[in-house]
Each structure stands twice: as structure tokens, then as C-alpha cells.
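The values are calculated or read from the model by the stated rules, or taken from the named source; none is laboratory data. Because the structure is predicted, anything quoted here is derived from the model rather than measured. A quick note on method: Cβ atoms are made from the backbone with ideal geometry, for glycine too, and the neighbour counts reach across all protein chains shown. The accessibility values were calculated without ligands, DNA or RNA, using every heavy atom of the protein model including side chains. Shrake-Rupley method; radii C 1.70, N 1.55, O 1.52, S 1.80 Å.
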Amino acid sequence: QVQLVESGGGLGQAGGSLRLSCALSGRTASSYAMGWFRQAPGKEREFVAAISWSGGSSFYADFVKGRFSISRDNAKRTVYLQMNSLKPDDTAVYYCAASSGVIAAVRDRPRYWGQGTQVTVSS
């Protein structure tokens, strides 16, 4: 079993920055691609970004390209989402996800989820 715990959410200002963290624990013998999703009130959960186990590959949803950056530190078993140039539309609950296998698996078939962390961006 894998556990994911997000942290770093909170209140940000438009144009500002926040950094989210996701700590991975439990059964980590396998290699996991990691990703971030978000869900705004009244909307469906949507993909934000993903990163491969090695950290060598990543990709993003179009609406965050150039603003958000995903990274990971495998020694700390932690994945990060650096969010810059925040917009009020970025307000959502952000979820960390993990899947074994190729990087696309976490976008298409996330197996494990964190509990989510709230991000609120004021204008």
C-alpha cells in the first residue's frame, strides 16, 4: 500500500507563488510516476502535471505551462509543484497521485491518491 500526503496549500495572491509538496510512504519498492490534479468547486477533477520516476520526463496541462513546475526528490520521497504567476482560476483542491509504470499512467490511470490540499488565490 502507498500513502500520499500533500502539504503547502493555503492562501496566495494573484501573481504570487506557492509550492505544494507530496510525501510518498509505504510500499515503495516499485517505481512510481507521480502527478498533480486539481478540482475546483462544481467542476470535475483535472490533470495538472506529471513526472516520471527518474524525474527525467514531465508534462503539463496547457493551462499551467510556463507557470507551474513539477519536480521530485527521490531521496526524500517527495514530489513538488511550484506554482508561479498564480491566478484566481487556480483556486482548487490539489491532489497528489501515483501510478507504477510509464509517466502517462499517472495521468490516465492514477492508482493512489492523497487527501488533497486547498489552494485559494485571491485577486
Requested in this report: Evaluate the following for Ser99: is it touching a Gly at 6+ places or on another chain (Cβ under 9 Å) and more than 14 Å from Tyr32 (Cα to Cα)?
Outcome: no
Query raised in the report: Of all residues in segment 76-100, which are open to solvent by 20 Å² or more (accessible area, probe 1.4 Å) and farther than 20 Å from Tyr112 by Cα?
Result: Gln82, Asn84, Ser85, Lys87, Pro88, Asp89, Thr91
Query raised in the report: Can you tell me which residue in segment 15-66 is least open to solvent (accessible area, probe 1.4 Å), limited to those that are polar (S, T, N, Q) and over 12 Å from the mean Cα position of the chain (by Cα)?
Result: Ser52
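Going by what's in this entry, would Gly8 be described as under 22 Å from Thr120 (Cα atoms) and loosely packed, with under 12 Cβ neighbours inside 10 Å?
Numbers: under 22 Å from Thr120 (Cα atoms): yes; loosely packed, with under 12 Cβ neighbours inside 10 Å: no.
No, not satisfied.
Kindly indicate whether any position in segment 101-120 is touching a Lys or Arg at 6+ places or on another chain (Cβ under 7 Å) and surrounded by 15 or more Cβ atoms within 10 Å (Cβ to Cβ).
No: zero hits.
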